[in-house]
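For reference, the structure is listed below as structure tokens.
The values are calculated or read from the model by the stated rules, or taken from the named source; none is laboratory data. Since we're looking at a predicted model, the values are computed, not measured. Neighbour counts run over all protein chains shown; Cβ positions are idealised from the backbone, glycine included. Surface accessibility is based on the protein's heavy atoms, side chains included, excluding ligands, DNA and RNA. Shrake-Rupley method; radii C 1.70, N 1.55, O 1.52, S 1.80 Å.
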Amino acid sequence: MIQAPVGWQCPECVKAGSRQSPFIRYRPAPAGAVGGRLSWRSAPATVGLVIVNVIVFLVSREGNPSVLVRWGLVPACVQGGQTVVPACMQPVGGQVYRLFTAPFLHVSVTHIALNMLSLVVVGIPVENAIGRVRYLVLYMAAALGGSVLTYLIAVPNQIGVGASGAIFGVFGAYFVIARRHRLQTGGIAAIIAINLVFGFIAPNIGWQAHIGGLVVGVGVALGFALAEHRPRLQARGVELATCAVVAVVLLGLMQLSARPLSG
């Protein structure tokens, strides 16, 4: 017999009940902010993202300016119906693909090294906490969120590249998960605040991507947190609804006009 909150149950009854009403449980490590030791083996998605970013960096000839101009995020190139913009490399706008390619480009070894170090330190515990699929969804949503806000409010002819928007989304998820499990959040809150402030005061840093990625990352993480400990079907529904809402919002914002070229 197995002791239950009220009375006792036979082992067969417990097994039958677990099959009929399975629960999704996230498993954050008990110590530290969100996780304990960093382990590459426990975070294949983070490892894969680092490898992809490094490969793209090498293929792009280590931040070659012509590659950055061709594939980086230039708001004026994304917006359709614009006059000819030299940076677009084509006579028309509407180059929406730049919203997706820019987060995988970096301008220098220092740029990619700092971003990938941040991704490893924060991404591994977040991936361990929510699982690789949810983690990849969150990462890509945050990357797109950073690109969309950059498109809307950045200088029209400014080229924006880098994974920082996605990484800020992971920062936000780290904070949400730690808060949800009543773990220490002072460290990650300080990191977010310092990096946000630094983005405003230092030149040539796309603070728009930082804010966009952070907001989307927090939103997705909150949606995933609502699914925690619910029955499987309910949890899947909440997660899918979260992704759908974020997707609709981002797609809607992409339909808006960027800052005018004279802005």
Scan segment 223-255 residue by residue and report those that are touching a helix residue (DSSP H, G or I) at 6+ places or on another chain (Cβ under 6 Å) and either free of Cβ contacts under 8 Å to residues at least 12 places away in the same chain or open to solvent by 50 Å² or more (accessible area, probe 1.4 Å) (or both). 226, 253
Quick check: anything in segment 227-247 touching a Ser or Thr at 6+ places or on another chain (Cβ under 7 Å), closer than 24 Å to residue 118 by Cβ and of a type outside the set (Lys, Arg)? no
Looking for something part of a loop (DSSP other than H, G, I, E, B) and open to solvent by 10 Å² or more (accessible area, probe 1.4 Å) - is there at least one such residue anywhere in segment 136-144? no
Filter result for residue 203 (in contact with a strand residue (DSSP E or B) (Cβ under 7 Å, 6 or more places away or on another chain) and either closer than 21 Å to residue 76 by Cα or not acidic (Asp, Glu) (or both)): no
